[in-house]
Amino acid sequence: MVRLIAPDVSYHSSWLDGSEEFDGAHRDGGGGEDWPLEELRDLPSFRRFVDALVNDALPESPRKPGYGPCTYLWIMEGNTFLGSLAIRHELTDFLLNEVGTSATA
């Protein structure tokens, strides 16, 4: 059964397997733009990555200028990582003007 979970370091191996399938291509919603895959093979680095994803939901967490809080969820089937989802808590100027929304005025 497919389920959504908070990022969890215990799925390190499965996350790596799933991420390697993208062969370096950009993945929207993954939260790993600033983390080279090679670096994330190291468990302590992966732990910092997971902590950063989880903490990004907190308004007080440090982030790049123009970025807002975001909740990351992993799509899992059993112990297999299938993908990820990013839920933005607010629309920044960039998201509103450059990316757009599905809502119409």
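Bear in mind these aren't lab numbers, they're just calculated from the coordinates by the rules spelled out. Predicted model, so just to flag it, every value in this text is computed and none were measured. No Cβ is skipped: glycine too gets one built from the backbone with ideal geometry, and neighbour counts run over all protein chains shown.
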Counting other beta carbons within 10 Å of each Cβ, put Asp23, Asp8, Asp56, Asp28 in order, fewest first. Asp23, Asp28, Asp8, Asp56
Ranked Met1, Met76, criterion: other C-beta atoms within 10 Å, fewest first: Met1, Met76
Which residues does the label zone of Thr71 cover in region 1-28, counting backbone N under 11 Å from a point 7 Å along Cα→Cβ? 5-6
With 0.36 nm assigned to each residue of separation and the Cα-Cα distance removed, Asp28 to Leu4 gains 7.0 nm
Mean separation of Cα contacts under 8 Å (6+ apart) over length of the chain, as relative contact order %: 33 percent
Regarding the chain, what are the three Cα extents along the principal axes, ordered largest first, in Å? 42, 30, 25
Could you give the angle, 0 to 90 degrees to the nearest 10, between helix 43-55's Cα long axis and the longest principal axis of the Cα atoms of the chain? 30 degrees
Calculated [θ] (222 nm, deg cm²/dmol) that DSSP helices of n ≥ 4 give over the chain, each run adding -39,500 (n - 2.57): -7000 deg cm²/dmol
